[in-house]
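S.K.: Mind having a look at this structure? Questions to follow.
The values are calculated or read from the model by the stated rules, or taken from the named source; none is laboratory data. Keep in mind the model is a prediction, meaning the values are calculated, not measured. Positions of Cβ are generated from backbone atoms using ideal geometry, with glycine treated the same way; all protein chains shown enter the neighbour counts.
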Amino acid sequence: MSVCSSLPPLLESFFGHRLTKQRNASRSTIASYRDALRMLILFAAERAGCKPCTLAVENLDRDIVLAFLDDLEEKRKNAIQTRNARLTAIRSFFHHVAANDPASLGVAQRVLAIPVKKSHTGVTRHLVRGEIDALIAAPDRRTPRGRRDRTLLLFLARTGARVSEAVGVDACDLQLNRTRPQVLLRGKGRKDRVVPISDDLVKALKALMNERGFEGQEVRPIFVGTHKTRLTRFGATHIVRRAVATAAVDKPELSRKSVSPHVFRHSLAMMLLQSGVDLLTIQAWLGHAQVATTHRYAAADVEMMRCGLSKAGVSGSQTARFRPKDAVLQLLESI
């Protein structure tokens, strides 16, 4: 076994040079890749019956990686999308291994040949306007926590921000004292974008900032937790769940739906689409890299499809189906 096959120097150069300097990866990407490789190394060490520091690249071969991915689904109950995200991190590391450790090229190539697993694409879930309003109204505005919770829910509903973008907003990212208020959202892959802010959100943000004693454009988080530190995505998820529990008293249908911070994003996209906003504008608003991602909202809007069917004047009658005379074509038609 060559010295180059040792894991520590390859891991150090991967995180210290490839991700940070060559790819300029964001902190969230680095954290995600770190977690994936940490889990793989702990899994491999347990299988090998040794300490993680003694593992070599050869201990992370194709069979171990496949067993790890299966373990994620079977024991940890991770979704296929999570499995594929872990595999993406592992692949990135083995691209680095292949380029920097010739002795491990064979191992790296076999790992890189592992395909992503196809997943079922479900219907995009969203809430109607009345349900969104009920969730926003759920927190108790008489308490500081309730006012913070309401402002966060309002922010998610009006901006369509991802939960990581919402909790990452600082005071300096907001432009509230202008005729066209807006906020800078720091998106995935270091893709920043500016989106408009509605009047009710401006009012709520100003009240929250005044309550916390903000002075000017500061690099201070808008949304904080119990210990006055930046609110985490798990904290934001808990706020949404708490709002659902309260709002479900008057709207019991909410208790039967899977409501997460991301559902606010889907709901705004559907409202924009149904209001006649074009897909390219919605794509820019949500920060999608490809318009194909945005198009799923159009595919999910059954009422717009129904209107299209009516406008097209499609009747219920069917024309006679084409019947090929050629024997080969008939065979293909019968399959």
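S.K.: Suppose we filter Ala161, Ala157, Ala166 for residues that are within 27 Å of Gln290 (Cα to Cα) and in a loop (DSSP other than H, G, I, E, B); which single one remains?
M.R.: The unique qualifying residue is Ala161.
S.K.: Mind listing whichever residues of the range 251-262 are more than 17 Å from the chain's Cα centre (by Cα) and in a helix (DSSP H, G or I)?
M.R.: Within the range 251-262, Pro252, Glu253, Leu254, Ser255, Arg256 meet the criteria.
S.K.: Next up: Which residue pairs have Cβ atoms closer than 7 Å, lie 6 or more positions apart in sequence or on different chains, and pair a first residue in the range 41-62 that is over 18 Å from Arg91 (Cβ atoms) with a second residue that is not aliphatic (A, V, I, L, M)?
M.R.: Every condition considered, the pairs that remain are Leu42/Pro52; Ala45/Lys51; Ala45/Pro52; Ala48/Asn59; Ala56/Ser5; Ala56/Ser6.
S.K.: Taking the conditions exactly as written (in contact with a helix residue (DSSP H, G or I) (Cβ under 9 Å, 6 or more places away or on another chain), closer than 16 Å to Gly130 by Cα and touching a residue at least 24 places away in the same chain (Cβ under 8 Å)), does Glu253 satisfy them or not?
M.R.: yes
S.K.: Right, here's the next one. From (1) part of a helix (DSSP H, G or I); (2) β-branched (Val, Ile, Thr); (3) touching a Phe, Trp or Tyr at 6+ places or on another chain (Cβ under 7 Å), pick out the condition that doesn't hold for Val195.
M.R.: Condition (1) is where Val195 drops out.
S.K.: Considering only residues of the range 213-250 that are under 22 Å from Arg141 (Cβ atoms), outside any loop (DSSP other than H, G, I, E, B) and not aliphatic (A, V, I, L, M), which is nearest to the chain's Cα centre (by Cα)?
M.R.: The residue in question is Thr237.
S.K.: Going by the structure shown, is Ala284 touching a strand residue (DSSP E or B) at 6+ places or on another chain (Cβ under 9 Å) and closer than 25 Å to Arg190 by Cα?
M.R.: Spelling it out, Ala284 is indeed touching a strand residue (DSSP E or B) at 6+ places or on another chain (Cβ under 9 Å) and closer than 25 Å to Arg190 by Cα.
S.K.: Evaluate the following for Gly106: is it closer than 19 Å to Met270 by Cβ and either of a type in the set (Lys, Arg) or exposed (fewer than 15 other Cβ atoms within 10 Å of the Cβ) (or both)?
M.R.: no
S.K.: Which residue, of Ala25, Ala44, is assigned to a loop (DSSP other than H, G, I, E, B) and surrounded by 15 or more Cβ atoms within 10 Å (Cβ to Cβ)?
M.R.: None of the others qualify; the one that does is Ala25.
S.K.: Then there is this: Which one is farthest from the chain's Cα centre (by Cα) among residues in the range 132-180 that are charged (D, E, K, R) and either closer than 16 Å to His238 by Cβ or outside the structural domain of Ser255 (by TED's automatic domain parsing) (or both)?
M.R.: So the residue we want is Asp140.
Results for (1) of a type outside the set (Ser, Thr, Tyr); (2) surrounded by 13 or more Cβ atoms within 10 Å (Cβ to Cβ); (3) modelled with pLDDT under 90, shown as yes or no for each residue.
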site	(1), (2), (3)
Pro221	yes, yes, no
Thr229	no, no, no
Arg233	yes, yes, yes
Thr237	no, yes, no
Ser258	no, no, yes
Leu268	yes, yes, no
Val314	yes, no, yes
Gln318	yes, no, yes
Gln330	yes, no, yes
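S.K.: All but one of (1) closer than 25 Å to Leu135 by Cα; (2) surrounded by fewer than 16 Cβ atoms within 10 Å (Cβ to Cβ); (3) in contact (Cβ under 8 Å) with a residue 12 or more places away in the chain hold for Ala289, so report the exception by its number.
M.R.: (1) is the only condition that Ala289 fails.
S.K.: Then there is this: Test of understanding: among Leu174, Leu185, Leu201, which residue is touching a Lys or Arg at 6+ places or on another chain (Cβ under 6 Å), within 30 Å of Thr20 (Cβ to Cβ) and either among the aromatic types (Phe, Trp, Tyr) or crowded, with 16+ Cβ neighbours inside 10 Å (or both)?
M.R.: None of the other options fit; the residue is Leu185.
S.K.: Considering Lys118, Lys77, which residue is in contact (Cβ under 8 Å) with a residue 24 or more places away in the chain, assigned to a loop (DSSP other than H, G, I, E, B) and of a type in the set (D, E, K, R)?
M.R.: From the options Lys118, Lys77, the qualifying one is Lys118.
Conditions (1) among the polar types (S, T, N, Q); (2) under 23 Å from His262 (Cβ atoms); (3) out of contact with any Asp or Glu (no Cβ under 7 Å at 6 or more places or on another chain), marked per residue:
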{"site": "Arg186", "(1), (2), (3)": "no, yes, no"}
{"site": "Arg190", "(1), (2), (3)": "no, yes, yes"}
{"site": "Thr226", "(1), (2), (3)": "yes, no, yes"}
{"site": "Thr246", "(1), (2), (3)": "yes, yes, yes"}
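S.K.: Sticking with this one: Taking the range 188-198 as the region of interest, how many residues are of a type in the set (Val, Ile, Thr) and surrounded by 14 or more Cβ atoms within 10 Å (Cβ to Cβ)?
M.R.: Here the count works out to 2.
S.K.: Pull up the range 263-286, narrow it to residues that are over 19 Å from the mean Cα position of the chain (by Cα) and hydrophobic (A, V, I, L, M, F, W, C), then point me to the one that is nearest to Val194 (Cα to Cα).
M.R.: That would be Leu280.
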